[in-house]
Amino acid sequence: MSDRIHPQIASREATQHILKAFHLRASKRLGQNFLIDGSIVRGIVEAAEIAPKDKVLEIGPGIGTLTQGLAEAGAEVIAVELDKKLPEVLAHTLSGYDHVRIVQGDILKVKLPEIMGDGSFKVVANLPYYITTPILMTLLERRLPITRIVTMVQKEVAERMTAPPGGKDYGALSVAVQYYTEPEIVLEVPPESFLPAPEVDSVVISCRVRETPPVRVQDEKLFFRVVKAAFGQRRKTLSNAMKGAGFEKAKVLEAFEKVGMDAARRGETLSLAEFARLADALV
Ligand code: SAM
């Protein structure tokens, strides 16, 4: 399938030409690092396993490079772009492509259920790095009918998303991503694949959304309150961090005793299953 994908503007020359023609500069503030490597676009489309008519939400289409690849694979693309100057460019770069709709707005503020309509969809993006975590948390917590999220992220963020318990990378983002999805790093992407080149290494990560979470919890909200408390004050023991986050001291100690857990443990050592047991003991 991927040998059919040839986004015309996936090159340094074409991107520079478009920016010049529209009197634009890549905005650092908006995290604009445009893809200029067709093989990476193909890699993303392939990782998303796009089938004709798949509905795809693209976050931040930029000048439309990845959008062209998605449309060539037959996807129905709805792309949300914050930069008010870009819809005019996209009208030009996507003029020959069917089934692409551009929505100008902030991905953290737009009403996604209204924009996406009925049925499930995939999320595919080269994310603006300055708001990667809020975007991922919003997509996961809203429980939208998303089947897969395939995105370019900073390598360091991908390491946090996939981190096992016990290390410095393991945190609230790891727990949330692994609770809702099965994350897998699928492609390493060097800075030269973008214009301008970012100062960090990037990877493409594919997160298959789970139908059922890997651990059962009685109260999901409470589970995530415990997780947030645990990582909110990483240097404290978990019981102290929980007290600091407003949990009642006696209830916290009772819960630790009930599940037979050492109250002096640190949050970063707990697996998803242990967080679940502790949260259930607090219900
Ligand atoms: N998809 C393009 C590509 O791969 O070449 C551009 C990717 S660039 C890393 C990130 C894009 O996200 C930019 O076009 C930027 O303007 C857009 N963006 C930044 N903040 C946004 C937000 N809050 N909502 C929607 N788009 C945003």
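The values are calculated or read from the model by the stated rules, or taken from the named source; none is laboratory data. Keep in mind that what you see is a predicted model, and the values were worked out from it rather than measured. As a convention, Cβ positions derive from the backbone with ideal geometry for all residues, glycine included, and neighbour counts pool all protein chains shown. Accessible surface is based on the protein model in full, side chains and every heavy atom, while ligands, DNA and RNA are left aside. Shrake-Rupley method; radii C 1.70, N 1.55, O 1.52, S 1.80 Å.
Fully extending the segment from Q8 to E141 would add 44.3 nm, taking 0.36 nm per residue of separation and subtracting the current Cα-Cα distance. Zone of K221 (label point 7 Å along Cα→Cβ, backbone N under 13 Å): which residues in region 101-134? The answer is none, because no backbone nitrogen lies closer than 13 Å to the label point. Distance between the modelled labels on E188 and Q104, one decimal in nanometres: 4.1 nm (7 Å Cα→Cβ projection). Between the listed residues A163, M137, F231, the Cα displaced farthest toward the positive end of the dipole of region 110-252, a dipole computed from Cβ unit charges relative to the Cα centre, is found at F231. Could you tell me whether region 230-283 comes out rounded, prolate or oblate from its Cα gyration tensor? Rule is a ≥ b ≥ c as square roots of the eigenvalues, rounded for a/c under 1.5, then prolate if a/b exceeds b/c, otherwise oblate. Oblate is the answer for region 230-283, as a/c is 1.5 or above yet b/c matches or exceeds a/b. Count the net charge of all other residues whose Cβ sits under 12 Å from the Cβ of M116, scoring Lys and Arg as +1 and Asp and Glu as -1. In short, +1.
A straight line joining the Cα centroids of region 71-129 and region 1-56 runs 13 Å.
Accessible area per residue (1.4 Å probe, heavy atoms of protein chains only) ranks Y170, Y180 as Y180, Y170, with the largest value leading. In the complete set of protein chains, residue-level accessible area for D201 is approximately 80 Å², probe 1.4 angstrom. The calculated Kirkwood hydrodynamic radius for the chain is 20.1 Å, given to one decimal from all distinct C-alpha pairs.
Between helix 220-232 and the chain there is an angle of about 90 degrees, using the helix long axis and the longest principal axis of the Cα atoms. What is the angle, in °, between the Cα long axis of helix 12-21 and the longest principal axis of the Cα atoms in the chain? Nearest 10 is fine, range 0 to 90. Roughly 70 degrees, rounded to the nearest 10. Just to confirm my numbers, what's the Cα centroid distance between region 241-283 and region 175-232 in Å? For region 241-283 versus region 175-232, the Cα centre distance is 23 Å. Using a probe of 1.4 Å on the protein chains alone, the accessible area found for I63 is around 0 Å².
Modelled spin labels at T269 and Y130, positioned 7 Å past Cα toward Cβ, are 4.0 nm from each other.
Taking region 220-281 as the region of interest, the number of lysine pairs whose Cα atoms are within less than 19 Å, with members eight or more places apart or on different chains, is 11.
Placing dummy labels 7 Å off each Cα toward the beta-carbon, the span from K28 to T212 is 5.0 nm. Rounded to the nearest 20, the Cβ-based charge dipole of region 12-209 about its Cα centre (Lys and Arg +1, Asp and Glu -1) stands at 540 debye. The convex hull defined by the C-alpha atoms of region 156-234 has an orientation-averaged projected area of 6.5 nm². Taking all protein chains together and rolling a 1.4 Å probe, R12 ends up with roughly 100 Å² accessible. For the chain, the residue among L173, P191, I59 whose Cα projects farthest onto the positive side of the dipole built from Cβ charges is L173.
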